[in-house]
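The values are calculated or read from the model by the stated rules, or taken from the named source; none is laboratory data. Just so it is clear, the structure is predicted and the values come from calculations on it, not from any experiment. Cβ: placed from backbone, ideal geometry, glycine included. Neighbour counts: every protein chain shown.
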Amino acid sequence: MLDYTFSEEQEMIRESVREFCEKKIAPIAIKMEETKAIPRDVVKGMAELGILAPTADPKYGGAGFDAVTCGIIAEELSRADPTGSIPVFYLVQASWAYVLNKYGTEEAKKEIFPKVCSGEWFLGIATTESDAGSDLAGMRTTLTPTANGYMVNGEKMYISGVREVEKYGGGHLTLVKQTPEAGTRGMTMVFLPLQNKKITITSFDDLGREGISTGGFTVDHVEVPKKYLIGEENKGFYIVHEGYEFARGLIAAICASAGLKSLENGMKYIKQRKCFGQPLGKFEGVQFPLAENYVKMTMLRDLAFKALWTRDQEDKGKAKRFETSKIVAMSKLFASEWACKAIDDVMQWQGAFAYTRECVDQAAYRAVRSFAWAEGAKEIMRVIVARELLGKDFITYK
Ligand SMILES: Cc1cc2nc3c(=O)[nH]c(=O)nc-3n(C[C@H](O)[C@H](O)[C@H](O)COP(=O)(O)OP(=O)(O)OC[C@H]3O[C@@H](n4cnc5c(N)ncnc54)[C@H](O)[C@@H]3O)c2cc1C
């Protein structure tokens, strides 16, 4: 029996997040393109609502939310912030708090979560390097056990939230090579605080989502205490996928919400803008893409919540590891592409105005485009789905 309803508690959470979004986020969202930062009072407001790192256990200051509840919050944030900055700030912390909560040491969780959940610190993820993104086996950052912990040395690139950590504190769950000859079976994950004289941070001028930084950092022989080990040594490659999968479901929800919000904006526009003596909305050439994009965004949203629900089922022992991998990859595969197309059509209806910074939809377009790579390129989603359909013997890579 299918039940597509959210619980009463989830609807109340949506209500309070929406109210916060309308009052505090929507009015300042587009300004983040200039200020290039999320206002601190917004971060504090999110903390007060309990939606920062909401997957952390309440005993460490989190809300203990499941993936579906996190998806509800993600879509509300995405509706309110066309720049995508706040949704990204939220989804990264929700996903990696999930991993820290599941695999982190008691000492690390007691230290890190209260600061992340209160909005003081940022918690990110660092796997990508300049020569290793989709194919993590190519990474070069190393970890060597020492008497008191581990020595990390190397470089990470295209990492979200580096400037936030540099300024306010926190760190990234960082995937490194401990046993290089073992390939993906030789990777370990540690929490790496970035405020360290031996860590140099750089950042990029991104195409979109300007309210949150993306950049890189070099690590020059930095010692990490044992308490910051995430899970077991040499198991990092498997652990990291649990975080990426959590994130992929949220990204699908964020893309669907951004697309639906843009279609709403578009519908208002085509009802009032007249061309050739009638509203644009009366032309079949405008109605058909509206209908098609609406159907695609609805399908995307449904698949996103099915993926998030499956994630929760796995936590209850009712779904297998690879069932989750497959459905979250399915949900993210077309997320960026379809949402970009929906937003692009809305921009087309708005004529030259859409090519100005006054039009909020162009910000949404640039934000949503990032998800064709971030948290796994869309081609890698195809690789995962095909792997689950055909079996591991048909994988084209080692
Ligand atoms: C805005 C933004 C924020 C990011 N934030 C983070 C972060 O916080 N932490 C982090 O670790 N990383 C982050 N990333 C990096 C992201 O995870 C990588 O971009 C992604 O994994 C792809 O890696 P790559 O960019 O090195 O591309 P590559 O792996 O070099 O791939 C390049 C292209 O080749 C194609 N390709 C690759 N493999 C295949 C294949 N098997 N079959 C067919 N085509 C293929 C794809 O089109 C892909 O886009 C971020 C990226 C962006 C854009």
Of the numbered conditions (1) over 25 Å from THR218 (Cβ atoms); (2) free of Cβ contacts under 8 Å to residues at least 60 places away in the same chain; (3) near the ligand (Cβ under 10 Å from one of its atoms), GLY84 fails exactly one; give the number of that condition. (2)
Quick test for you: out of TYR150, TYR158, pick the one residue that is within 16 Å of the ligand (Cβ to nearest atom) and in contact with a Ser or Thr (Cβ under 9 Å, 6 or more places away or on another chain). TYR158
Here are ILE112, ILE72, ILE125: which of them is away from the ligand (no atom under 16 Å from the Cβ) and either in a strand (DSSP E or B) or closer than 14 Å to ILE254 by Cβ (or both)? ILE72
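Condition check ((1) among the polar types (S, T, N, Q); (2) farther than 17 Å from TYR244 by Cβ; (3) within 16 Å of the ligand (Cβ to nearest atom)) across all residues:
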site: SER134; (1), (2), (3): yes, no, yes
site: ARG140; (1), (2), (3): no, yes, yes
site: THR146; (1), (2), (3): yes, yes, no
site: VAL162; (1), (2), (3): no, yes, yes
site: HIS172; (1), (2), (3): no, no, yes
site: LEU175; (1), (2), (3): no, no, yes
site: THR179; (1), (2), (3): yes, yes, no
site: ALA182; (1), (2), (3): no, yes, no
Exactly one condition in (1) in contact with a helix residue (DSSP H, G or I) (Cβ under 7 Å, 6 or more places away or on another chain); (2) outside any helix (DSSP H, G or I); (3) without any contact (Cβ under 8 Å) to a residue 40 or more places away in the chain is false for ARG209; which is it? (3)
Can you confirm whether the range 356-363 contains a residue that is in contact with a Ser or Thr (Cβ under 6 Å, 6 or more places away or on another chain) and crowded, with 20+ Cβ neighbours inside 10 Å? yes
Examine the range 282-291 for a residue that is outside any helix (DSSP H, G or I) and either surrounded by fewer than 18 Cβ atoms within 10 Å (Cβ to Cβ) or modelled with pLDDT under 95 (or both), and state whether such a residue exists. yes
Could you say which residue among GLU106, GLU155 is outside the structural domain of ALA372 (by TED's automatic domain parsing) and within 30 Å of GLY45 (Cα to Cα)? GLU106
Test ALA329 against the criterion of being within 16 Å of the ligand (Cβ to nearest atom) and either surrounded by fewer than 20 Cβ atoms within 10 Å (Cβ to Cβ) or of a type in the set (A, V, I, L, M, F, W, C) (or both), and give yes or no. yes
Output the helices (runs of 4 or more DSSP H) that fall wholly within the range 1-59 and possess 1 or more residues being closer than 15 Å to GLY71 by Cβ and touching a helix residue (DSSP H, G or I) at 6+ places or on another chain (Cβ under 8 Å), or say none. 8-20
For the range 213-231, name all the residues that are more than 16 Å from the ligand (Cβ to nearest atom), buried (at least 17 other Cβ atoms within 10 Å of the Cβ) and either within 16 Å of MET157 (Cβ to Cβ) or hydrophobic (A, V, I, L, M, F, W, C) (or both). VAL222, VAL224, LEU229
Tell me whether the range 214-232 contains one or more residues that are part of a strand (DSSP E or B), free of Cβ contacts under 8 Å to residues at least 60 places away in the same chain and not assigned by TED's automatic domain parsing to the domain that holds ALA97. yes
Checking the conditions here, which among ALA94, ALA67, ALA80 is touching a Cys at 6+ places or on another chain (Cβ under 6 Å), within 24 Å of ALA307 (Cβ to Cβ) and buried (at least 24 other Cβ atoms within 10 Å of the Cβ)? ALA94
Subset of the range 331-353 that is over 16 Å from the mean Cα position of the chain (by Cα) and aliphatic (A, V, I, L, M) - its residue that is nearest to GLY285 (Cα to Cα): VAL346
Check off (1) part of a loop (DSSP other than H, G, I, E, B); (2) in the same structural domain as ILE30 (by TED's automatic domain parsing) for ARG140 and give me the number that stays unchecked. (2)
Cβ-Cβ under 7 Å, sequence separation 6+ or interchain: first residue in the range 369-385 and among the small types (Gly, Ala, Ser), partner near the ligand (Cβ under 7 Å from one of its atoms) and in a loop (DSSP other than H, G, I, E, B). Which pairs? SER370/ARG209; ALA377/SER134
Search result, residues across the range 383-398 that are surrounded by 11 or more Cβ atoms within 10 Å (Cβ to Cβ) and either more than 7 Å from the ligand (Cβ to nearest atom) or outside the structural domain of LYS320 (by TED's automatic domain parsing) (or both): ILE384, VAL385, ALA386, ARG387, GLU388, ILE395
Quick check on my filter: what residues within the range 95-109 are among the hydrophobic types (A, V, I, L, M, F, W, C) and either at pLDDT below 95 or within 16 Å of the ligand (Cβ to nearest atom) (or both)? TRP96, ALA97, VAL99, LEU100
Based on this model, can you work out whether THR174 counts as farther than 21 Å from LYS110 by Cβ, outside the structural domain of VAL346 (by TED's automatic domain parsing) and in contact (Cβ under 8 Å) with a residue 24 or more places away in the chain? no
